[in-house]
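Before any comments, here is the structure.
The values are calculated or read from the model by the stated rules, or taken from the named source; none is laboratory data. What you are looking at is a predicted structure, and each value in this text was computed from that prediction instead of being measured. Neighbour counts are summed over all protein chains in view; Cβ atoms, including those assigned to glycine, are modelled from backbone coordinates with ideal geometry.
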Amino acid sequence: MSENQSETTPGIDGPEIDGPEIDGKAYWKEVIRLTLTLLAVWFLVSFGAGILFREVLDAVKLGGAPLGFWFAQNGSIYVFVALIFYYCFAMNRIERKFRIEG
């Protein structure tokens, strides 16, 4: 092997990365924490507000319908869509933090 050739073959040993290495454990720790947090929010809104806390929420009326019923029918869907947009925003922030291009 000549002095100009590298010890690794591109594509076999992985791409050469310029700059600091990515801390994979810290990246996945943040991604999993974000995912579990959003799943907990989704559970509380859809199952909690629509089923578990329905009787308490039904004391409040929203548009003529009890709030517990509204969360079961509409609110959980609106919150789910909002969580999707928040997840996209948060993942972009995490990827910029760890210098990951996606």
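From the list Ile32, Ile22, the lone residue that is surrounded by 11 or more Cβ atoms within 10 Å (Cβ to Cβ) and within 24 Å of Cys88 (Cβ to Cβ) is Ile22. Could you list, in sequence order, all residues of segment 52-61 that are hydrophobic (A, V, I, L, M, F, W, C) and either without any contact (Cβ under 8 Å) to a residue 12 or more places away in the chain or surrounded by fewer than 16 Cβ atoms within 10 Å (Cβ to Cβ) (or both)? The answer is Leu52, Phe53, Val56, Ala59, Val60.
Of the residues making up segment 63-86, those that are within 14 Å of Leu34 (Cα to Cα) and touching a helix residue (DSSP H, G or I) at 6+ places or on another chain (Cβ under 6 Å) number 1.
Scan segment 65-102 residue by residue and report those that are of a type in the set (Val, Ile, Thr), closer than 25 Å to Ile51 by Cα and in contact with a Phe, Trp or Tyr (Cβ under 9 Å, 6 or more places away or on another chain). If the condition is that a residue be of a type in the set (Val, Ile, Thr), closer than 25 Å to Ile51 by Cα and in contact with a Phe, Trp or Tyr (Cβ under 9 Å, 6 or more places away or on another chain), then Val79 is the only one that fits.
Matching residues to (1) surrounded by 11 or more Cβ atoms within 10 Å (Cβ to Cβ); (2) of a type in the set (Ser, Thr, Tyr); (3) closer than 30 Å to Glu21 by Cβ; (4) in contact with a His (Cβ under 6 Å, 6 or more places away or on another chain):
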position	(1), (2), (3), (4)
Gly50	yes, no, no, no
Gly63	no, no, no, no
Phe69	yes, no, no, no
Val79	yes, no, no, no
Leu83	yes, no, no, no
Met91	yes, no, yes, no
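Of the helices (runs of 4 or more DSSP H) lying entirely inside segment 1-87, the ones with 2 or more residues being of a type in the set (S, T, N, Q) and either modelled with pLDDT of 95 or more or under 23 Å from Lys97 (Cα atoms) (or both) are found at 24-43.
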